[in-house]
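Taking it in order: structure first as structure tokens, then the write-up.
Every number here is computed from the coordinates shown, using simple stated rules; none is lab data. None of the values given here were measured: they were computed from a predicted structure. A quick note on method: Cβ atoms are made from the backbone with ideal geometry, for glycine too, and the neighbour counts reach across all protein chains shown.
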Amino acid sequence: MSGNTDQTAGALLARMAPVLDPQDWVYARLPEGTPLPPDVSALMTCQEDEGLTLIVTPDTAARLGLATDFPCRRITLTVQSDLDAVGFIAAIATELTRHGISCNVVAGFHHDHLLVPQDRAGEAMDVLKALSRSNSIDAAPDRP
């Protein structure tokens, strides 16, 4: 990874710069052995023994006739974090938990993505921005 070299949880929290995706997303699944149709663009997929989990737009799920769960919004943490960074997501999950906000996390190669309940996305952004600010203050060197 290039660029940011301080991968401590506090430094990552201070630089996380969350961005809220305007798109609504839902979880859906294809039964075991059913391939993803070639014309479907999913935000994310996860192959499980029971079938393929999809994170798609509500319109895509409806077009495919799939039942959906967890209407959500994606928050991308734009800081580039190493895949082996320790404590970063734990601190975020702890703070969101304090506010009663559920969160599903997906780590991409460059960024972490939080999927939060659609109706609490604005609140989640406020929590994350406050957490980032508090770590920026904590990470700042003491000044006379």
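Relative contact order for region 9-139: what is it in percent, counting Cα pairs under 8 Å that are at least 6 residues apart?
Working: 227 pairs, mean separation 43.9, N = 131.
After rounding, I find 34 percent.
Counting only other residues whose beta carbon sits under 12 Å from that of L96, what net charge do I get with K and R as +1, D and E as -1? Walk me through the intermediate numbers first.
Numbers: positive: R98, R120; negative: E95, E123, D126.
Net of charged neighbours comes to -1.
Would you mind ranking E123, E95 so that the residue whose beta carbon has the fewest other beta carbons within 10 Å leads the list? Write out the running numbers ahead of the final one.
Values: E123 15, E95 18.
Least crowded to most crowded, the residues run E123, E95.
Report, please, the projected area of the chain averaged over directions, based on the convex hull of its C-alpha atoms, in nm².
Details: hull surface 41.7 nm².
Seen from a random direction, the Cα hull of the chain projects 10.4 nm² on average.
Positive end of the charge dipole of the chain (Lys, Arg +1 and Asp, Glu -1 on Cβ, about the Cα centre): tell me which of H110, T53, A11 has its Cα farthest that way.
A11
Neighbouring Cβ atoms within 10 Å as the yardstick, rank C72, C46 fewest first. All intermediate terms of the calculation are to be shown ahead of the outcome.
Numbers: C72 23, C46 13.
The most exposed by this proxy come first: C46, C72.
How would you rank I101, I55, I92, going from fewest to most other Cβ atoms within 10 Å of each one's own Cβ?
Details: I101 18, I55 22, I92 26.
Least crowded to most crowded, the residues run I101, I55, I92.
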